[in-house]
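Heads up: the structure comes next, in structure tokens.
The values are calculated or read from the model by the stated rules, or taken from the named source; none is laboratory data. What you are looking at is a predicted structure, and each value in this text was computed from that prediction instead of being measured. Cβ atoms come from the backbone with ideal geometry, glycine included; neighbour counts cover every protein chain shown.
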Amino acid sequence: MQSASDVKQKVSEVFELLQDSVFRYLVRVLDDPSEAEDAMQETFIRLYRALHKGQVIEDVRPWIFRVAHNLVLYRFRKKSPVELLDPAGWDLLREQSRDPSASPEQKVLEREQQERFEAALARLSAQEKYCLELRAEGLTYREIAQVLEMKAPTLVSFLGRVIKKLKSETYV
């Protein structure tokens with residue numbers, strides 16, 4: 001068992017390193033900053049408890065995201081599911097990425113393609129959305145596999161199918 005001050009120092013270091021990405025993930029999947037803040041606090045409290053009890057955590061990043069992910073699942077079980085990858089958030093990205101010199105016809109085509117993409121995202125399962133959210137946070141395939149308790153080759157195939165599905169539904 002580590003001393004309380006050693007554990008506190010370790011958790012502080014991990015918190016500084018991962019707080020932003022964990023918070024972004026939680027905000028996107030919970031769609032509520034205060035609930036995300038609570039879940040993030042609980043995640044790091046669980047890290048403190050685990051280390052204080054002497055648990056050895058080989059790879060802390062996937063461990064943290066796994067705990068955060070489990071807290072999300074717990075919250076979803078307590079209330080009705082919330083849509084992940086909120087399409088409203090895409091409006092800002094869409095405006096920033098538009099070519100100001102595009103013709104009206106190009107703008108209509110871009111808008112139609114964006115609408116198809118948003119519709120395809122809405123049809124994804126929660127598991128598929130979680131994979132995309134974790135990948136968006138920069139987790140490696142191996143780390144995502146650990147978070148979602150899958151084997152890495154299974155995850156690679158799964159994500160490949162998700163991407164293929166999005167492509168086929170977006171580019172008709």
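Computed quantities for the displayed model
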{"quantity": "Any hit, region 19-38, residues being aliphatic (A, V, I, L, M), part of a helix (DSSP H, G or I) and more than 18 Å from the chain's Cα centre (by Cα)", "calculated": "no"}
{"quantity": "Odd one out for GLU58 among (1) of a type outside the set (Gly, Ala, Ser); (2) surrounded by 14 or more Cβ atoms within 10 Å (Cβ to Cβ); (3) not in a helix (DSSP H, G or I)", "calculated": "(2)"}
{"quantity": "Residue in region 46-60 that is touching a Ser or Thr at 6+ places or on another chain (Cβ under 8 Å) and over 30 Å from ALA119 (Cα atoms) present", "calculated": "no"}
{"quantity": "Qualifying positions in region 118-172 - small (Gly, Ala, Ser), under 19 Å from ARG28 (Cα atoms) and either outside any helix (DSSP H, G or I) or at pLDDT 90 or above (or both)", "calculated": "SER125, GLY138"}
{"quantity": "Residues that are hydroxyl-bearing (Ser, Thr, Tyr) and either under 18 Å from GLU137 (Cβ atoms) or modelled with pLDDT under 90 (or both), drawn from region 47-98", "calculated": "TYR74, SER80, SER97"}
{"quantity": "Looking only at region 121-170, and only at residues there that are among the basic types (Lys, Arg) and without any contact (Cβ under 8 Å) to a residue 12 or more places away in the chain, the one that is farthest from GLU58 (Cα to Cα)", "calculated": "LYS167"}
